Amino acid sequence: MRIEGKEYRTIWFENNIVKIIDQTKLPHQFVIKDLKTINDAINAIKVMEVRGAPLIGATAAYGLVLALIENNDQTFLKKSAEDLISSRPTAINLKWAIDRMMNKLSGVNSDQILEIALNEAKEICNEDEKFCENIGINGLKIIEEIYSKKKDTVNILTHCNAGWLATINWGTATSPIYHAHKKGIPVHVWADETRPRNQGANLTSYELNEEGIKNTIIADNTGGILMQRGEVDMCIVGTDRTLANGDVCNKVGTYLKALAAYDNNVPFYVALPSSTIDWDIKDAKDIPIEERNSEELSHVEGLDENNEIRKVLIYPNNSKAKNLAFDITPAKYVTGLITERGIVNASSVGLKELFKK
Ligand code: MRU
């Protein structure tokens with residue numbers, strides 16, 4: 001998608017260096033950062049220079065390429081894979097991408113391994129882009145249906161950033177929106193600010209602006225009253241891990257939005273590529289929920305009067321804060337899952353229909 005009119009993907013490989021858009025600097029600065037070592041890749045995931053489930057997976061895949069460039073040795077590769085897996089615990093795409101890479105690379109001859117690794121990392125990215133495009137084509141049908149009845153702007157609420165910045169291109173939740181916009185359907189997005197890291201304000205609103213899509217940032221607690229007033233036609237969110245029974249793990253606050261949507265008969269859709277389905281965990285209580293530094297709550301970052309980025313404390317100095325990064329939305333509150341293969345009920349029957357193993 002575009003930034004200042006120029007087409008970008010979120011990650012690419014050039015002269016043995018992995019290039020990323022440093023998302024900790026957005027929206028105030030657009031910085032392309034070089035990842036040169038496996039530790040650079042691990043750090044980029046940990047500090048969220050890259051974030052969003054599919055992009056975390058792609059970065060991990062390229063991280064293994066960097067590991068091989070550094071030290072073409074199976075023991076080092078295995079250790080790098082383990083370190084990458086523990087860099088962020090919740091998004092299943094991370095493990096999915098590492099498993100896929102290691103299946104290709106384990107035991108491969110050292111003179112062929114780098115080429116195989118690079119091809120596989122590129123394939124993971126190309127596939128994600130295609131899947132996200134298909135999610136858009138499938139989700140577009142829902143927006144078209146609402147528009148055909150309403151004949152006026154379709155108002156869509158989203159939480160966090162499941163936009164193109166969270167994937168390789170298109171996004172998951174935003175892909176149907178981009179497709180609707182390209183078709184000339186008037187859409188307007190309510191972007192939840194998404195405290196504490198403000199991905200909705202800093203990233204979703206930013207990328208929609210760059211594509212010329214109308215949007216309004218709201219505080220995370222505003223969705224309920226907007227739904228009661230009939231100002232939300234549908235919700236679309238992304239996910240970090242969706243279980244085979246349809247339970248959805250996503251950015252903290254998603255659950256409360258789903259409850260409000262349920263109470264107000266607002267359709268609540270979750271958009272995901274198949275790489276985000278966890279076929280193994282049976283009970284949502286077993287999903288590892290990341291707990292991040294409480295400083296993300298107690299401090300905020302922004303531009304000061306000299307256009308410099310500054311971080312300031314907003315809480316009482318000695319207050320405690322708890323920063324759980326994700327929550328679980330039970331399948332019963334999800335109207336449907338928008339995948340690259342089609343739209344299904346959030347249930348084991350629905351998912352099995354599309355993804356027969
Ligand atoms: O903590 P983040 O910014 O990585 O969380 C991102 C989300 O919760 C997204 O909704 C999810 O990863 C899906 S991205 C297509």
* Structure fact -> The number of residues in the range 128-142 that are in contact with a helix residue (DSSP H, G or I) (Cβ under 8 Å, 6 or more places away or on another chain) and either free of Cβ contacts under 8 Å to residues at least 60 places away in the same chain or open to solvent by 40 Å² or more (accessible area, probe 1.4 Å) (or both) is 5
* From A258, A173, A271, A244, grab the single residue that is within 22 Å of G139 (Cα to Cα), surrounded by 24 or more Cβ atoms within 10 Å (Cβ to Cβ) and more than 15 Å from the chain's Cα centre (by Cα). => A258
* **Residue, farthest from the ligand (Cβ to nearest atom), within the range 166-194, restricted to residues that are of a type in the set (A, V, I, L, M, F, W, C) and over 18 Å from T339 (Cα atoms)** => I185
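Anything in the range 85-112 that is more than 16 Å from the ligand (Cβ to nearest atom), open to solvent by 10 Å² or more (accessible area, probe 1.4 Å), in a helix (DSSP H, G or I) and not acidic (D, E)? List them, or say none.
Of everything in the range 85-112, those that are more than 16 Å from the ligand (Cβ to nearest atom), open to solvent by 10 Å² or more (accessible area, probe 1.4 Å), in a helix (DSSP H, G or I) and not acidic (D, E) turn out to be R100, M102, N103, K104.
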* Structure fact -> Residues in the range 202-218 that are more than 14 Å from the chain's Cα centre (by Cα) and open to solvent by less than 20 Å² (accessible area, probe 1.4 Å) total 5
* To do: Determine if the range 318-340 includes at least one residue that is of a type in the set (V, I, T) and more than 30 Å from R100 (Cα to Cα).
  => yes
* Can you pull out the residues in the range 5-42 that are without any contact (Cβ under 8 Å) to a residue 12 or more places away in the chain, polar (S, T, N, Q) and either outside any loop (DSSP other than H, G, I, E, B) or under 24 Å from D278 (Cβ atoms) (or both)? -> N39
* Kindly indicate whether any position in the range 50-60 is in a loop (DSSP other than H, G, I, E, B), crowded, with 24+ Cβ neighbours inside 10 Å and in contact with a helix residue (DSSP H, G or I) (Cβ under 6 Å, 6 or more places away or on another chain). => yes
* Structure fact -> The residue from E115, E123, E82, E145 that alone is open to solvent by 10 Å² or more (accessible area, probe 1.4 Å), closer than 30 Å to V187 by Cβ and of a type outside the set (A, V, I, L, M, F, W, C) is E145
* Does K322 satisfy the criteria of being open to solvent by 40 Å² or more (accessible area, probe 1.4 Å) and either out of contact with any Leu (no Cβ under 6 Å at 6 or more places or on another chain) or on the phi > 0 side of the Ramachandran plot (or both)? -> yes
* Among the residues of the range 257-283, write down those that are out of contact with any strand residue (DSSP E or B) (no Cβ under 7 Å at 6 or more places or on another chain) and within 14 Å of the ligand (Cβ to nearest atom). => P273, S274, S275
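The values are calculated or read from the model by the stated rules, or taken from the named source; none is laboratory data. Owing to the predicted nature of the structure, the values given are computational and were not obtained by experimental measurement. All Cβ positions, even for glycine, are placed from backbone atoms using ideal geometry, and neighbour counts span all protein chains on display. Remember, those area values only see protein heavy atoms, side chains included, never the ligands or the DNA or RNA. Shrake-Rupley method; radii C 1.70, N 1.55, O 1.52, S 1.80 Å.
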